[in-house]
């Protein structure tokens, strides 16, 4: 008897819920025109203040995470520069040096100063010395080629101040163009055509 009563009660509750749900009219769109009423516009200053507050909050969270990580470390370093408990850590190599190197792809083997260099991706860095400008090609931390380049005032119609590109010239040469804040330069390199 109790089972029947519980089943009937549940069915009545379910049926009333379905009926209530079905009675909602989804075809009435009259409120769409007034959906944004009551919302106020904000100024650029208010937006900036809000963004600054959010950034300060995220920096605070990062500081807390750093403190937790430091608490896990026991003891201190023998050198004060490397001590994780030191609040004024200074990176010895600033992040700008990472941006100085740009990545280029040289699709064929090429020759520099009589030496065969394999095709691949190279980080390129320009260097200005008293005897001229040089373009250095790196793979990881290894200097693969140092090429004497010609300095020019031409910006090669590039959009940005810092650029590096490999351009085909003819059947046996490519032109590497490089630009940075200090100078613009180019160099021709001879390549070996792939067999086949």
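Worth pointing out:
- Here the scattering of the stretch 100-191 is modelled by Debye summation over its C-alpha atoms, one equal scatterer each and no solvent; at q = 0.14, 0.21, 0.24 Å⁻¹ the log10 of I(q)/I(0) is -0.45, -1.06, -1.38.
- With neighbours defined as other Cβ atoms within 10 Å of a residue's Cβ, the residues 12, 108, 166 order from fewest to most as 12, 108, 166.
Since every read-out is calculated from the coordinates, none of them should be taken as a lab result. Predicted model, so just to flag it, every value in this text is computed and none were measured. Virtual Cβ from ideal backbone geometry, glycine too; neighbours counted across all protein chains shown.
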